[in-house]
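Student: My structure is below; once you've seen it, I'll send some questions.
The values are calculated or read from the model by the stated rules, or taken from the named source; none is laboratory data. Only a predicted model underlies this, so the values are computations on that prediction, with no experimental measurement involved. Cβ: placed from backbone, ideal geometry, glycine included. Neighbour counts: every protein chain shown.
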2 protein chains.
Amino acid sequence: MNDAQPTENIVDPSLEADVFSRNCSSREILQNVTSRWGLLALVALLDGELRFNALRRRVDGVSERMLSVTLQSLERDGYVRREMLQAIPPRVEYSLTEAGTQVAQRLSGLIELVEAQVDEVAGARAAYDGR
Amino acid sequence: MNDAQPTENIVDPSLEADVFSRNCSSREILQNVTSRWGLLALVALLDGELRFNALRRRVDGVSERMLSVTLQSLERDGYVRREMLQAIPPRVEYSLTEAGTQVAQRLSGLIELVEAQVDEVAGARAAYDGR
């Protein structure tokens, strides 16, 4: 009856990752990179490293706290690198790792597609709501 | 505090959809297709149409209610088609539209990548937690 158990403990390492399986850790990783703010932060960093405040302006609407939590989680997963630069005052910059770049490129492709579908989706909604 | 940032990062000069803008409808559409269950339902349907219960078994862990809400939202956005088949008892089948197929293919590529990164992410987490 203990279903709040860390997934790493029950994953059989001999099995391939499968996001369709509720206990596979890949599902949680996928959720981190496709979360509302995680996705936008990753894609924003595709253009190059950014300081916290610059990233926050780019990801319009995110709170300081949510961006901080999001970046920490992406850093822990190895997708984002956080670097403290020697300067006065000290600066912190965020950038993508190699794994993060790969994920961000896929997400960027998805965003391009969805942005191109906006009119089509608006039409579908109007049709659905009107029937 | 304005620390010299390229203006193209904060202002989209065109009227095109931009998920980085908090009020753009593309952001909401993106959230529907990358939601925990929306993403998995779309990719599950890439293999062909499925009935509700079959889809629910495939998307391991989803509740009946959440799957129903998710499919309704994807149907409204024009990504999923819901068809009532003449049979006894009547059957309802879900399938992808053309737009849904395009999105699901991108999501499937993302899933493949993340599944391949599971070991790397586990290593990054261990390093992060141990420092």
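Student: Consider residue B:63 against the criteria (1) within 24 Å of residue A:98 (Cβ to Cβ); (2) surrounded by fewer than 20 Cβ atoms within 10 Å (Cβ to Cβ); (3) at pLDDT 95 or above: it satisfies all of them except one. Which criterion is unmet?
Tutor: (1)
Student: Out of all the residues in the range A:76-128, which are crowded, with 18+ Cβ neighbours inside 10 Å, without any contact (Cβ under 8 Å) to a residue 12 or more places away in the chain and part of a loop (DSSP other than H, G, I, E, B)?
Tutor: A:117
Student: A further question follows. Being among the polar types (S, T, N, Q) and within 7 Å of chain A (Cβ to nearest Cβ) is the filter here; which residues of the range B:86-131 pass it?
Tutor: B:102, B:117 - these are the residues of the range B:86-131 that are among the polar types (S, T, N, Q) and within 7 Å of chain A (Cβ to nearest Cβ).
Student: Within the range B:54-69, is there a residue that is of a type outside the set (Val, Ile, Thr) and in contact (Cβ under 8 Å) with a residue 40 or more places away in the chain?
Tutor: no
Student: Please go through the range B:13-48 and pick out each residue that is part of a helix (DSSP H, G or I), closer than 12 Å to residue A:39 by Cβ and touching a residue at least 12 places away in the same chain (Cβ under 8 Å).
Tutor: B:33, B:34, B:39 - these are the residues of the range B:13-48 that are part of a helix (DSSP H, G or I), closer than 12 Å to residue A:39 by Cβ and touching a residue at least 12 places away in the same chain (Cβ under 8 Å).
Student: I'd like to verify a number: residues in the range A:49-61 that are facing another protein chain (nearest Cβ under 9 Å) and either more than 16 Å from the chain's Cα centre (by Cα) or assigned to a loop (DSSP other than H, G, I, E, B) (or both), how many? Walk me through how you get there before you give the answer.
Tutor: The first filter runs over the range A:49-61 and keeps only residues facing another protein chain (nearest Cβ under 9 Å), leaving A:50-51, A:53-54, A:57-61.
This time we only want the ones that are either more than 16 Å from the chain's Cα centre (by Cα) or assigned to a loop (DSSP other than H, G, I, E, B) (or both), so: A:51, A:53-54, A:57, A:59-61.
Matching residues across the range A:49-61 total 7.
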